[in-house]
Amino acid sequence: VKQKIETLGGLLNSTEDEDFDKAFQELQTLHKIWKEDLGPVDKENREAVWDRFSAATKIIHEKRQEYFKSLEKGFEGNLEKKLEIIAKINAVCEGIATTHKGIQNQMKTVETLRNTFFETGKVPQKQNEKTWKAFKAATKVFNQHKNSFYKHLKNEQQENLDAKKALLDT
């Protein structure tokens, strides 16, 4: 048990996600051992020992909560970045190019923004669905504009082909 407590203390001084999860699991194991495996303590020591164990548990919970609060701050930063990316995609949609080369450049820009969006990381859970929907809507609008451009271009090319064939027929 003492070794588990020492391991737990070492894990709590780490900043890795997995270490906090492991520390919490270790704490759960220690609670189980305390409750089920270890025998009773005499009355005069019971309260003091429980208070020490309870205080250690409280410290672990507080550190875990602090850690998750710091993660949440990072998620807020990610949210801001993702909203900026969505705004950039929307800006591209407002000025759709009128040439093949221009559309190709915009496609590269949107693809880069898309990749950056996915690499940015998590956002607060409350904002996750809203952010995802906004991203999908922005990319959908761009794709619709792009498809419309190429559909129009294809129709124009077909009209030119038909006109040239008609010219040859006369």
I'd like to verify a number: residues in the stretch 69-105 that are open to solvent by less than 40 Å² (accessible area, probe 1.4 Å) and assigned to a helix (DSSP H, G or I), how many?
12
Can you name every residue in the stretch 122-136 that is touching a residue at least 24 places away in the same chain (Cβ under 8 Å) and within 14 Å of Glu84 (Cα to Cα)?
Val123, Thr131, Ala134, Phe135
Of residues in the stretch 106-147 being among the small types (Gly, Ala, Ser) and at pLDDT 95 or above, the one surrounded by the most Cβ atoms within 10 Å (Cβ to Cβ):
Ala138
Pairs needed: first member in the stretch 70-92, within 21 Å of Lys136 (Cβ to Cβ); second member anywhere, open to solvent by 50 Å² or more (accessible area, probe 1.4 Å); C-beta distance under 7 Å; at least 6 residues apart or different chains.
Phe75/Lys122; Asn78/Lys122; Leu79/Gln127; Ile85/Thr116; Val92/Thr109
Counting only residues that are β-branched (Val, Ile, Thr) and closer than 16 Å to Ala23 by Cα, which one in the stretch 38-63 is farthest from the chain's Cα centre (by Cα)?
Thr57
Consider the stretch 137-169. How many of its residues are under 29 Å from Ala91 (Cα atoms), free of Cβ contacts under 8 Å to residues at least 24 places away in the same chain and of a type in the set (A, V, I, L, M)?
1
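The values are calculated or read from the model by the stated rules, or taken from the named source; none is laboratory data. Given the structure is predicted, the values throughout are model-derived calculations rather than measurements. As a convention, Cβ positions derive from the backbone with ideal geometry for all residues, glycine included, and neighbour counts pool all protein chains shown. Surface accessibility is based on the protein's heavy atoms, side chains included, excluding ligands, DNA and RNA. Shrake-Rupley method; radii C 1.70, N 1.55, O 1.52, S 1.80 Å.
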